[in-house]
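Engineer: Got a structure here, written out as structure tokens. Questions coming.
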Amino acid sequence: MKRIVFLALAVAGLWSCGGTGGSPAKPASVAVFVPGVASGSPIYEMLVSGAARAVEERPGTEFKVIEGGYDQSGWLDALKAIAASGEFDLIVTSNPALPELCVKVAAEYPEVRFFVADAYMDGQRAIHTVLYNQLEQGYLVGYLAGALSVHKGSNRAGLIAAQRYPTLDRLIQPGFEAGLLAADPGMKLEYREIGNWYDANRAAELAASLYNDDVEVILAVAGGAGQGVIAAAGSAGASVVWLDGAGYQLGPDVVVGCATLAQDRLVYERVSALLDGKDLWGVADIVGATDGYVGFDRDGPAYKALPESLRAEMDTVMAKLAEGKPAFTLDSF
Amino acid sequence: MNELCALPPPPQSRAWEALRRLALSSGLALVLVFMVSVLVSDEPLKAFRAFSLGPLNSARALATLLEAAAPLMLSATGALVAFKAGHFTLGGEGQVYAGAFMAALAGAWCPEGSFGLLAAVMAGVLGGTLVAAPAAAGKRWAGADVLLVTFLLSQAALHVVDWAISGPFRDAGNNLIAMDPIPQASLLPRLVHNLPLTPVPLVAGLVSVGVWIFLSRTRCGTMLALYGRNSRFAALQNFPVRSFEWAPIIFAGAMHGLAGAALSLGSNGTAVRGISGGLGWNAIGAALVAGGEPLAVVPAAVLFSWLDSGARQAAIFTELPPDAAMIIKALVIMAATAKPAYTRLKALLGGRKRT
């Protein structure tokens, strides 16, 4: 009995001397929820760095990064846990799938606010979202894929995706096809689907079959599985175009073009504004090339190795797109 | 007067033994949480406090904990009945997933409101039952190995439901891989405004009580438990062994399906790919920790839910990995079920000494 009493007292003592409980007074606290793993994912690395920069400029603001892993079914519970902790005023995240989950969490924890980049949902007072005009992103890599395919004597380009989702169906793929057709009206698109975001072997098989069938350039929208496309391109001596930047590091010899999103800048600007008290709640914005949030990375070694004429063509396309030509107007999503 | 006259009196309730086992499991879990905090975290006290108290720090957190434990109570009660009958079913995961899928399908398709909710719950039960049925039939008519057949069927069900959710039944307008949303009016109602608490914990508690009454206070339950211990003896006593060969497996399937329905009809609002999230496996663990006592399933499920929730809270504040709960749960299950092995080992060693 004495032992049990001692153990109970010891446990009570440990509980009381911790230090995370309660809600200490503080200016604000920000949790960055990464729906995946930040390391190795440029879009999430920029999410973290952008939010961190905004927080660093506001002394006293607390900041925590929480990774949710790849299992989508666990994201809702993870978000709830962050809200339930009672420690965070603002949850910052990035993924088109997140707004729906944030709405569910906001219904249970109305005091918590959410900023979701790379997503769109308007009219929810607890949530601010900003969507990139990925029609433009798709268009840029589509144009390069089309022009390079024609240069190599092919009239087909590939798109290998992890799965179907609205942003792919309504923005990336139509933009990519528009780019292909702008480069050459005779271009055709071959679409293949992996079924998940991690199976690089399956991605490599699909890519190899396309490369063996006279496809010269593939756009990979496949997360970690995209490594398989890069590997297959290396074996076939073919090319890959990439979204979201940093593709050049993954396959410097085969990734010939990377569209970019200025996610770090966007997250920095919006988190700063929200921490400064700007009322953006319920607002859903769309940003694009004309604002400088969608662009193209010219610094890849494989891109620099392309013929001068092709690169000059791309420079023209980028300059025109920044002027809104062609106009990929998106008022809502 | 018939063969039941030959039955021994109903066994004493093993509530005290189960309580002792649960208290030991909870104590062990706390010690393990502290050890993991010390070993893994730079701030062990902070991690320990977040782990142990985080899930209890507000009414909403407590309601979330109970709500998360409720499907586990249902699944574990189902598994426990099957185990009592001597059927070691490993099919829970697939049955939960099928239940979640069927419930989401019915919830989205049926007229919204109470009818839609009822239809979704029934469909969930049906989903779990359908996955369990071939194993029950195999046992009844072909003497199939329940352990192997339920496991294989569960794996097949996982793949089929995965395909269905991400393929033909996927909501094309959702960036998550999920089915069409169930209308709000067909979702489980909240018992208290602003608290994520539905009737599921209450239902799960009542099911546990019902199963306890059945197993410890009815002749049929007593016969079932005896059948589970010695099926030949039960056959010699003219117990309805033919029914005992399949009915507990079906009951377990139905309970797992009901748990799946609770997942879809709760805050998820539909079936998301991977929604079962190991619930079927956790149910086996909770049933083992409960030590065959239906009433003990409720605190065992709460203990597991607390570990999951606590690990998430600790991961928010410290460097503790969220998967720490899995390791602790595994060790608690091993410790809670070690007594028979210890007794057997002791008996073996004693026998050797005598010889």
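Engineer: Could you tell me which of the residues B:Thr343, B:Thr318, B:Thr355 is modelled with pLDDT of 75 or more, of a type outside the set (Gly, Ala, Ser) and more than 20 Å from the chain's Cα centre (by Cα)?
Structural biologist: Details: B:Thr343 fails: modelled with pLDDT of 75 or more; B:Thr355 fails: modelled with pLDDT of 75 or more.
Checking each option against the conditions leaves just B:Thr318.
Engineer: If A:Ala81 satisfies every condition in (1) surrounded by fewer than 18 Cβ atoms within 10 Å (Cβ to Cβ); (2) within 7 Å of another protein chain (Cβ to nearest Cβ); (3) not polar (S, T, N, Q) but one, which is the exception?
Structural biologist: Checking A:Ala81 against (1) surrounded by fewer than 18 Cβ atoms within 10 Å (Cβ to Cβ); (2) within 7 Å of another protein chain (Cβ to nearest Cβ); (3) not polar (S, T, N, Q), the one that fails is (1).
Engineer: From the residues in segment A:84-105 that are more than 10 Å from chain B (Cβ to nearest Cβ) and not in a helix (DSSP H, G or I), which one is surrounded by the fewest Cβ atoms within 10 Å (Cβ to Cβ)?
Structural biologist: Restricting to residues being more than 10 Å from chain B (Cβ to nearest Cβ) and not in a helix (DSSP H, G or I), the top hit is A:Asp89.
Engineer: Right, another one. Can you report the number of residues in segment A:110-155 which are in a strand (DSSP E or B), farther than 16 Å from A:Asp169 by Cα and open to solvent by less than 40 Å² (accessible area, probe 1.4 Å)? Working first, answer last.
Structural biologist: Within segment A:110-155, the subset in a strand (DSSP E or B) is A:113-117, A:127-132.
If we keep only those that are farther than 16 Å from A:Asp169 by Cα too, we end up with A:113-117, A:127-130.
Then keep just the ones that are open to solvent by less than 40 Å² (accessible area, probe 1.4 Å); that gives A:114-117, A:127-130.
Total satisfying the criteria: 8.
Engineer: In the list A:Leu140, A:Leu135, A:Leu148, A:Leu101, which residue meets the criterion of being under 23 Å from A:Val30 (Cβ atoms) and in contact (Cβ under 8 Å) with a residue 12 or more places away in the chain?
Structural biologist: So the residue among A:Leu140, A:Leu135, A:Leu148, A:Leu101 that is under 23 Å from A:Val30 (Cβ atoms) and in contact (Cβ under 8 Å) with a residue 12 or more places away in the chain is A:Leu101.
Engineer: Going by the structure shown, is B:Ala135 at pLDDT 95 or above, touching a Gly at 6+ places or on another chain (Cβ under 9 Å) and closer than 26 Å to A:Asn95 by Cβ?
Structural biologist: Values: at pLDDT 95 or above: yes; touching a Gly at 6+ places or on another chain (Cβ under 9 Å): yes; closer than 26 Å to A:Asn95 by Cβ: no.
Spelling it out, it is not the case that B:Ala135 is at pLDDT 95 or above, touching a Gly at 6+ places or on another chain (Cβ under 9 Å) and closer than 26 Å to A:Asn95 by Cβ.
Engineer: Can you find even one residue in segment A:119-128 that is in contact with a His (Cβ under 9 Å, 6 or more places away or on another chain) and without any contact (Cβ under 8 Å) to a residue 60 or more places away in the chain?
Structural biologist: No: zero hits.
Residues are listed down the side, and each one gets a yes or a no for (1) within 14 Å of chain A (Cβ to nearest Cβ); (2) buried (at least 19 other Cβ atoms within 10 Å of the Cβ):
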{"residue": "B:Ser52", "(1), (2)": "yes, yes"}
{"residue": "B:Phe88", "(1), (2)": "no, no"}
{"residue": "B:Glu93", "(1), (2)": "yes, yes"}
{"residue": "B:Leu105", "(1), (2)": "no, yes"}
{"residue": "B:Lys139", "(1), (2)": "no, yes"}
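Engineer: Follow-up question, since we're still on this one. B:Leu188 versus (1) among the hydrophobic types (A, V, I, L, M, F, W, C); (2) open to solvent by 30 Å² or more (accessible area, probe 1.4 Å); (3) outside any loop (DSSP other than H, G, I, E, B): which is the lone unmet condition?
Structural biologist: Failing condition for B:Leu188: (3).
Engineer: Which fully enclosed helices (runs of 4 or more DSSP H) of segment A:211-288 have 3 or more residues being open to solvent by 20 Å² or more (accessible area, probe 1.4 Å) and more than 22 Å from A:Arg311 (Cβ to Cβ)? It would help to see each step written out before you state the result.
Structural biologist: Values: elements: A:226-236, A:247-250, A:263-275.
Where helices (runs of 4 or more DSSP H) fall fully within segment A:211-288 and carry at least 3 residues being open to solvent by 20 Å² or more (accessible area, probe 1.4 Å) and more than 22 Å from A:Arg311 (Cβ to Cβ), they are A:226-236, A:263-275.
Engineer: Give the residue, chosen from B:Leu74, B:Leu66, B:Leu80, that is on the phi < 0 side of the Ramachandran plot, within 14 Å of chain A (Cβ to nearest Cβ), out of contact with any strand residue (DSSP E or B) (no Cβ under 6 Å at 6 or more places or on another chain) and assigned to a helix (DSSP H, G or I).
Structural biologist: Matching residue, one of B:Leu74, B:Leu66, B:Leu80: B:Leu66.
Engineer: Also, I was wondering about something else. Are there any helices (runs of 4 or more DSSP H) wholly within segment B:227-310 with 2 or more residues that are open to solvent by 20 Å² or more (accessible area, probe 1.4 Å), away from chain A (no Cβ under 14 Å) and touching a residue at least 60 places away in the same chain (Cβ under 8 Å), and if so which?
Structural biologist: It comes to B:241-265, B:279-289.
Engineer: Continuing with this model, one more query. Taking the condition of being more than 8 Å from chain B (Cβ to nearest Cβ) and either farther than 23 Å from A:Glu269 by Cα or among the aliphatic types (A, V, I, L, M) (or both), how many residues in segment A:46-68 meet it?
Structural biologist: 9
Engineer: Related question: On the given criteria, is B:Ala287 in contact with a Leu (Cβ under 6 Å, 6 or more places away or on another chain), farther than 30 Å from B:Arg170 by Cα and not acidic (Asp, Glu)?
Structural biologist: yes
The values are calculated or read from the model by the stated rules, or taken from the named source; none is laboratory data. Keep in mind the model is a prediction, meaning the values are calculated, not measured. With ideal geometry, Cβ positions are generated from the backbone for all residues, glycine too; neighbour counts draw on all protein chains shown. The area values use the complete protein model at the heavy-atom level, side chains included, leaving out ligands, DNA and RNA. Shrake-Rupley method; radii C 1.70, N 1.55, O 1.52, S 1.80 Å.
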